[in-house]
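Computed from the coordinates by the stated procedures, all read-outs in this text should not be read as laboratory data. Given the structure is predicted, the values throughout are model-derived calculations rather than measurements. Cβ placement follows ideal geometry from the backbone for every residue including glycine, while neighbour counts extend to all protein chains displayed.
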Amino acid sequence: MKLIDDITLAAAGIAALRRRIHAHPELGFEEKMTSDLVAEQLQAWGVEVHRGMAQTGVVGIVRGRDGGACGRAIGLRADMDALPMQEHNTFAHASRHPGTMHACGHDGHTAMLLAAGRHLAQTRDFDGTVVLIFQPAEEGRGGAQAMVAEGLFDQYPMEAVFGMHNWPGLPAGAIAFSPGPVMAGGSTFKIKVRGVGAHAALPHRGVDPVVVAAQLIQAFQTIVSRNKKPVDTAVLSVTLLQAGEAINVIPASCTMEGTVRTFTAEVMDLVADRMEAIARHTCAAFGAECDFEFNRRVPATTNHVREAEFAAEVAREVVGADLAIEQEPVMPSEDFSYMLLAKPGAYGFIGNGDGLHREMGHGEGPCTLHNPSYDFNDDLIPVGASYWVRLVQRWLGQPR
């Protein structure tokens with residue numbers, strides 16, 4: 001690896017900031033302490049700071065040796081929010097806020113961008129401007145969409161925007177950028193099956209919504225296996241089922257919720273249409289009715305070809321050919337997709353390793369995303385920060 005010495009020397013201090021953020025996690029649009037910490041650090045390093053976009057967002061402006069006179073600019077984005085989860089780790093920097101946890105590594109993403117911002121501000125060995133985007137509310141609350149809607153790219157013009165997410169299971173420090181779809185679009189659904197309540201011993205006097213819901217759960221999978229093209233990708237998961245209050249009562253209604261993931265809007269439309277048709281006609285066949293809601297939350301994260309190839313080339317220079325790997329598309333969603341709809345750019349993965357980096361006191365679960373035993377690998381801070389700096393230097397150093 002070709003890491004920047006200054007960043008490596010400062011990594012321990014940045015890791016301490018990361019652990020402080022981990023110990024005080026905040027949910028989307030509630031990241032007051034986190035955004036205060038980010039803004040204070042950036043200002044201490046001489047970075048121009050703007051606050052208030054998307055409520056708790058922070059934007060840092062670093063102008064190069066030309067003061068930004070060349071008019072060129074690049075954006076780097078990190079997310080700051082945590083998840084509504086109870087942490088199972090008990091090490092010193094575990095969450096001190098019950099029911100809230102940095103289980104996706106956004107504390108690490110913030111730390112890597114802070115480390116890069118520090119070095120860029122102290123050296124300014126580039127021409128142009130770097131826009132450091134610290135985004136709130138990535139976890140399903142619309143932070144990226146809000147920043148774009150509030151004029152992120154109008155107020156801070158930039159040629160391209162880049163983001164990066166840690167990825168457990170990839171070798172620690174590996175970096176992957178590839179063109180095309182890399183993370184799925186995500187939608188949610190809620191279906192309320194309305195039957196007729198009855199005594200459990202007299203089912204003929206009612207219409208059992210639980211039986212109808214069971215039919216729907218099975219029938220929905222035929223959309224994936226029989227309605228979409230086999231070469232297309234879709235995941236449909238019913239993840240919540242609520243019904244009943246007593247063991248001897250057939251409830252009057254049953255509610256089911258879940259998520260759908262696809263890489264294209266066309267497949268998402270197909271799934272939504274077929275789900276509604278199946279739900280309404282199946283309910284009718286059993287003498288029940290339903291309320292059907294389908295909410296498109298996040299479009300697929302689709303990397304632009306030129307920017308993804310450029311990012312992959314920089315990865316090869318920083319971590320070497322063996323660790324600059326091909327990015328395999330995955331089904332989780334990421335709201336950086338909204339930024340890529342508005343501006344050319346790319347979103348990559350940085351390997352978080354296999355979990356052996358975790359300290360004594362970690363939970364018994366695996367070190368995977370959205371797991372209560374997860375923790376970010378601090379060894380990635382100098383890798384990710386060095387990568388961001390080299391990406392800036394290479395991008396702003398190329399012909400317009």
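The table that follows gives values for the structure above.
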{"quantity": "Residue order, fewest to most beta carbons within 10 Å, for Val318, Val58", "calculated": "Val318, Val58"}
{"quantity": "Residue order, fewest to most surrounding Cβ atoms within 10 angstrom, among Met331, Met158, Met101, Met1", "calculated": "Met1, Met331, Met158, Met101"}
{"quantity": "Cβ-placed point charges (K, R +1; D, E -1), dipole of the stretch 185-298 about Cα centre in debye, nearest 20", "calculated": "160"}
{"quantity": "Cβ crowding within 10 Å averaged over residues, with 385-396, 262-273, 178-189 ranked highest first", "calculated": "385-396, 178-189, 262-273"}
{"quantity": "Relative contact order (%) - the stretch 83-127, alpha-carbon pairs under 8 angstrom, separation at least six", "calculated": "31"}
{"quantity": "5 Å binning of all Cα-Cα separations within the stretch 214-287, expressed as whole percents from 0 upward", "calculated": "3, 13, 25, 22, 16, 10, 6, 3, 2, 0"}
{"quantity": "In nm, spacing of pseudo-spin labels at Thr90 and Met360 (7 Å Cα→C-beta vector)", "calculated": "1.2"}
{"quantity": "Crossing angle, helix 32-44 versus the chain [Cα axis fit, 0-90 degrees, rounded to tens]", "calculated": "10"}
{"quantity": "Using alpha-carbon coordinates, inclination of helix 265-285 to the longest axis of the chain, degrees", "calculated": "20"}
{"quantity": "Scattering curve values for the stretch 143-282, log₁₀ I(q)/I(0), Debye with Cα scatterers, q = 0.15, 0.21 Å⁻¹", "calculated": "-0.90, -1.21"}
{"quantity": "Size of electric dipole in the chain: Cβ of Lys, Arg +1 and of Asp, Glu -1, about Cα centre, debye, nearest 20", "calculated": "460"}
{"quantity": "Estimated distance in nm for a label pair at Ala149 and Ala285, the labels positioned 7 Å out from Cα along Cα-to-Cβ", "calculated": "3.9"}
{"quantity": "Gaussian network model of the chain, springs between alpha carbon atoms under 10 Å - residue of Ser253, Ser35, Ser225 with greatest fluctuation", "calculated": "Ser225"}
{"quantity": "Thr188-Leu341 pseudo-label distance in nm [points 7 Å out on the Cα-to-Cβ vector]", "calculated": "1.8"}
{"quantity": "Phi to ³J(HN,Hα) by Karplus 6.51 cos²θ - 1.76 cosθ + 1.60 over the stretch 56-68, Hz, x for Gly, Pro", "calculated": "10, x, 10, 10, x, 10, 10, 9, x, 4, 8, x, x"}
{"quantity": "Gain on full stretching of the segment that runs from Arg51 to Lys2 - 0.36 nm per residue minus C-alpha separation", "calculated": "14.3 nm"}
{"quantity": "Inter-part distance where the stretch 144-172 and the stretch 19-90 are each reduced to a Cα centre, Å", "calculated": "12"}
{"quantity": "Most mobile of Ala277, Ala300, Ala324 in a GNM of the chain (Cα contacts under 10 Å)", "calculated": "Ala277"}
{"quantity": "Contour excess over end-to-end distance, with Cα ends at Ala219 and Lys32 and 0.36 nm allotted per residue", "calculated": "62.8 nm"}
{"quantity": "Amide H within-cut-off set for Leu27, under 5 Å, with H built and near neighbours excluded", "calculated": "Ala82"}
{"quantity": "Geometric extent, Cα atoms of the chain - Rg, Dmax (angstrom)", "calculated": "23.5, 82"}
{"quantity": "Gaussian network model of the chain, Cα within-10 Å springs - most flexible of Val231, Val161, Val130", "calculated": "Val231"}
{"quantity": "The stretch 296-398 - Kirkwood radius from inverse mean 1/r over Cα pairs (Å)", "calculated": "15.7"}
{"quantity": "For the chain, with +1 on Lys and Arg beta carbons and -1 on Asp and Glu, the positive-most of Gly117, Met331, Ala172 along the dipole", "calculated": "Met331"}
{"quantity": "Theoretical ellipticity at 222 nm over the chain - DSSP helices of four or more residues, -39500 (n - 2.57) apiece, nearest 500", "calculated": "-11000 deg cm²/dmol"}
{"quantity": "Relative contact order computed over the stretch 18-80 (Cα-Cα under 8 Å; 6+ residues apart), in percent", "calculated": "25"}
{"quantity": "Contour minus Cα-Cα distance for Ile247 and Leu202 (0.36 nm per residue)", "calculated": "14.9 nm"}
{"quantity": "Net charge of Cβ neighbours under 9 Å - reference Ala144; Lys, Arg +1; Asp, Glu -1", "calculated": "-3"}
{"quantity": "Vicinal HN-Hα couplings computed from phi for the stretch 288-301 (Karplus, 6.51 cos²θ - 1.76 cosθ + 1.60; Hz; Gly/Pro x)", "calculated": "10, 10, 8, 9, 10, 10, 9, 10, 7, 8, 9, x, 5, 7"}
